[in-house]
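FYI, it's all coordinate maths here, none of it is from the lab. Everything numeric in this text was worked out from a predicted model, so none of it was measured. So basically every Cβ, Gly included, is an ideal-geometry build from the backbone, and we count neighbours across all protein chains shown.
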Amino acid sequence: MRPSQSTMQQTALALLLAFSTLSAPALWPASAEPGQLVGEIVGQIGGAMKSILGNGDFAYVGMGLRLAVLDVSDKRQPVILGQTERLPDVVQDIELRGGLALTAADQAGMRIITVREPSQPREISFAATAGPARALALDANQHVYVACAWAALRIFDVSNPGQPVEIASCPVANSAEDVLWFDGYALVADGSAGLSVIDVHNPAAATPVGTWDTPG
């Protein structure tokens, strides 16, 4: 008597599961705690696009865990020129300064990447930000202002890009989600608290000076 299609499918599934158990490296070894995933990421391709910045014929794109450089001289057919190695977290925001791409990489803080060779972008340094780096802004000098959610606004001196130094932090009322530098002030999108205005004429002595409560 010929086995039914359902029986054949169940048998094939059982064989597949048995083979996987015998041949694949265990992600949940016997010593693991319940619910604990034990393993190592060995590769990654693509990802959600969270940020993009244009400069001439180039576009700099946060592509999941990488920064990618695109040639957009033909606007209808962008071409990828290069991308970084995998970063520890997703690229949330990008700013450019003198051949460098400064990126906010969420829990991985601020990452500084040289893009002088568009085909070979590479990270040269990073700085921890205490909280998730959501966005960043540059002033007219060598300072970067990083919106770090509940960890407030963090300010870095990047005069030596290979060794960024945190020089100040300034609390906000709720959650620093975005930031704009304008004429000596850092304007912070402060979550449910609206807009926070911080005087950064002296970045090392950043001082809150005003707020604007948005409806809702």
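Brief remarks on what is shown
- Debye-sum result for the range 129-216 in log10 I(q)/I(0), which assumes one identical scatterer on each alpha carbon, at q = 0.13, 0.19, 0.25 Å⁻¹: -0.35, -0.73, -1.25
- Taking Glu123, Glu95 and counting other C-beta atoms within 10 Å, the order from fewest to most: Glu123, Glu95
- For the range 87-170, the Stokes-Einstein estimate of translational diffusion at 4 °C and a viscosity of 1.567 mPa s comes to 105 µm²/s, using the Kirkwood hydrodynamic radius over alpha-carbon pairs.
- Taking N as the residue count of the range 47-116, its C-alpha radius of gyration divided by 2.2 N^0.38 Å amounts to 1.02.
- Efficiency of FRET between Ala204 and Ser119 - r from beta-carbon atoms, R0 45 angstrom, step 0.05: 0.75
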